[in-house]
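Worksheet: one structure, shown below.
The values are calculated or read from the model by the stated rules, or taken from the named source; none is laboratory data. Please read all numbers here as calculations on a predicted model, not as lab measurements. Note that we place each Cβ from the backbone using ideal geometry, even for glycine, and neighbour counts take in every protein chain shown. What goes into the accessible areas is simple: the full protein's heavy atoms, side chains included, and nothing from ligands, DNA or RNA. Shrake-Rupley method; radii C 1.70, N 1.55, O 1.52, S 1.80 Å.
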Amino acid sequence: MEPIHHLAIPVSDIEAALAWYGERFAFETVHADASWALLQFENVALALVLPGQHPPHFAVARADAETHGELTPHRDGTASIYVRDPWDNVIEFMKPAAGE
């Protein structure tokens with residue numbers, strides 16, 4: 001079995017979403033800026049993303065992520081590609097940062 005790295009859901013306001021989720025759940029904020037936030041729960045991370053910047057998706061970290069296509073590098077050292085399944089759902093295949 002493979003672990004899911006994170007789920008990503010769209011919100012229209014990152015700061016307001018952080019406040020709403022923070023009032024209702026216990027999590028660690030791994031990253032937050034005006035364009036997205038990553039909330040670490042005990043068993044999985046939740047990404048809050050602005051519509052149009054990232055599609056709603058789930059992500060799996062895999063050392064062989066590039067076998068699914070050309071990877072886009074990210075500022076945190078990871079790289080990934082979004083792939084659509086036959087039902088138009090989006091999966092992000094992430095190559096972990098060096099040393100992870």
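General remarks:
- Of all residues in region 62-87, those satisfying the criterion of being assigned to a strand (DSSP E or B) and of a type in the set (Val, Ile, Thr) are Thr72, Ile81, Val83.
- Here the condition is being surrounded by 14 or more Cβ atoms within 10 Å (Cβ to Cβ) and not β-branched (Val, Ile, Thr); of Pro10, Pro3, Pro51, Pro73, it holds for Pro10 alone.
Yes/no per residue for (1) in a strand (DSSP E or B); (2) in contact (Cβ under 8 Å) with a residue 40 or more places away in the chain; (3) in contact with a Phe, Trp or Tyr (Cβ under 7 Å, 6 or more places away or on another chain):
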position: Glu2; (1), (2), (3): no, yes, no
position: Ile9; (1), (2), (3): yes, yes, no
position: Ser12; (1), (2), (3): no, no, no
position: Ala17; (1), (2), (3): no, no, no
position: Ala26; (1), (2), (3): no, no, no
position: His31; (1), (2), (3): yes, yes, no
position: Ala37; (1), (2), (3): yes, no, no
position: Pro51; (1), (2), (3): no, yes, no
position: Val60; (1), (2), (3): yes, yes, yes
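- Residues that are touching a Leu at 6+ places or on another chain (Cβ under 9 Å) and either of a type in the set (Lys, Arg) or open to solvent by less than 40 Å² (accessible area, probe 1.4 Å) (or both), drawn from region 19-48: Ser35, Ala37, Leu38, Leu39, Val44, Ala45, Leu46, Ala47, Leu48
- Residues within region 88-100 that are under 25 Å from Thr29 (Cβ atoms) and either in a strand (DSSP E or B) or modelled with pLDDT of 95 or more (or both), tallied: 6
- Residue count for region 76-98, restricted to those that are among the charged types (D, E, K, R) and surrounded by 10 or more Cβ atoms within 10 Å (Cβ to Cβ): 4.
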